[in-house]
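The values are calculated or read from the model by the stated rules, or taken from the named source; none is laboratory data. Remember, predicted model here, so these are calculated numbers, not experimental data. Cβ coordinates were reconstructed from backbone atoms using ideal geometry, including for glycine residues, and neighbour counts include every protein chain displayed.
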Amino acid sequence: MKIYTKTGDKGETSVIGGVRLPKHHPRIEAYGTIDELIAWIGMLRSSEQFCVPTEELINIQSVLMSCCTIIATHPSAKVPEGISVDDTTQLESSIDKMESRLPELQSFILPGGNHSAATSNLARCVCRRAERALLRLNETEKTDPDVIKYLNRLSDYLFVLTRCLTYELGTEEVKWMPGKKTK
């Protein structure tokens with residue numbers, strides 16, 4: 001099977017259910033942004049880190065692939081098996097474990113620190129964008145509330161993972177000090 005079909009050359013693509021949509025449709029934007037998030041988590045997975053097991057990041061990528069499949073299904077088609085509440089619960093459990101190793105957050109922090117932490121923070125930003133795209137779609141076409149909840153919790157997970165990666169490598173968390181500039 002060839003990878004190219006030439007059917008999208010005029011700016012449309014097919015979703016599950018056989019319906020063709022413009023590539024800028026909110027449905028395509030939502031699952032395309034989640035696809036980008038999967039790639040960022042792959043980048044994060046490729047970095048050496050000891051905050052979470054690699055298998056946990058692979059599982060997150062797998063759940064996100066399921067989210068893409070759900071979102072890529074037209075409302076007129078049978079929606080494939082969704083994600084479960086347990087997927088979100090697993091994120092919460094991991095957040096709790098990571099937070100137990102971190103000092104209490106006292107202020108906003110500026111992104112950066114080290115490559116792994118910066119990668120995690122970029123993934124968090126893409127996750128928030130994916131959530132916003134899904135919420136825009138949800139205004140016109142009902143979407144799975146478990147996917148919305150999962151993305152919201154995943155952005156929390158990625159924020160805490162960013163902090164964990166900062167501390168794990170002994171990098172200073174730079175606090176945001178409103179009105180103060182560095183020299």
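Being touching a helix residue (DSSP H, G or I) at 6+ places or on another chain (Cβ under 6 Å) and within 13 Å of T119 (Cα to Cα) is the filter here; which residues of the stretch 161-175 pass it?
Filtering the stretch 161-175 down to residues touching a helix residue (DSSP H, G or I) at 6+ places or on another chain (Cβ under 6 Å) leaves 161-162, 164-166, 173.
Hits for the stretch 161-175 are L161, T162, C164, L165, T166.
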**Study point:** In the stretch 68-114, the residues that are more than 17 Å from the chain's Cα centre (by Cα), buried (at least 16 other Cβ atoms within 10 Å of the Cβ) and assigned to a helix (DSSP H, G or I)
**Key:** M98
Check your understanding: Can you find even one residue in the stretch 21-29 that is surrounded by fewer than 17 Cβ atoms within 10 Å (Cβ to Cβ), in contact with a strand residue (DSSP E or B) (Cβ under 9 Å, 6 or more places away or on another chain) and either among the hydroxyl-bearing types (S, T, Y) or not in a loop (DSSP other than H, G, I, E, B) (or both)?
Key -> yes
Check your understanding: Between a first residue in the stretch 158-173 that is of a type in the set (F, W, Y) and a second residue that is assigned to a helix (DSSP H, G or I), which pairs have beta carbons less than 6 Å apart while being 6 or more apart in sequence or on different chains?
Key -> F159/R124
Review point. How many of the residues making up the stretch 31-50 are in contact (Cβ under 8 Å) with a residue 24 or more places away in the chain and either polar (S, T, N, Q) or touching an Asp or Glu at 6+ places or on another chain (Cβ under 9 Å) (or both)?
Key: 4
Check your understanding: in contact with a Lys or Arg (Cβ under 8 Å, 6 or more places away or on another chain), among the small types (G, A, S) and modelled with pLDDT of 95 or more: does that describe S94?
Key -> no
Check your understanding: Would you call R124 in contact with a Leu (Cβ under 9 Å, 6 or more places away or on another chain), closer than 17 Å to E36 by Cβ and surrounded by fewer than 19 Cβ atoms within 10 Å (Cβ to Cβ)?
Key -> no
**Study point:** Subset tally (residues that are surrounded by fewer than 18 Cβ atoms within 10 Å (Cβ to Cβ), polar (S, T, N, Q) and at pLDDT 95 or above) for the stretch 141-178
**Key:** 1
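Do we find a residue being touching a helix residue (DSSP H, G or I) at 6+ places or on another chain (Cβ under 6 Å) and either under 27 Å from R27 (Cβ atoms) or hydroxyl-bearing (S, T, Y) (or both) anywhere in the stretch 104-115?
No, the stretch 104-115 has no match at all.
Could you list, in sequence order, the residues of the stretch 141-183 that are hydroxyl-bearing (S, T, Y) and over 30 Å from I83 (Cα atoms)? Write out each step before concluding.
Taking the stretch 141-183 and keeping what is hydroxyl-bearing (S, T, Y), we get 143, 150, 155, 157, 162, 166-167, 171, 182.
Across the stretch 141-183, the qualifying residues are T166, Y167, T171, T182.
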Exercise for review: Would you mind stating whether D87 is closer than 25 Å to I148 by Cβ, among the charged types (D, E, K, R), touching a residue at least 40 places away in the same chain (Cβ under 8 Å) and out of contact with any Cys (no Cβ under 8 Å at 6 or more places or on another chain)?
Suggested key: yes
Check your understanding: Can you find even one residue in the stretch 152-171 that is farther than 25 Å from H74 by Cα, hydroxyl-bearing (S, T, Y) and in a loop (DSSP other than H, G, I, E, B)?
Key -> yes
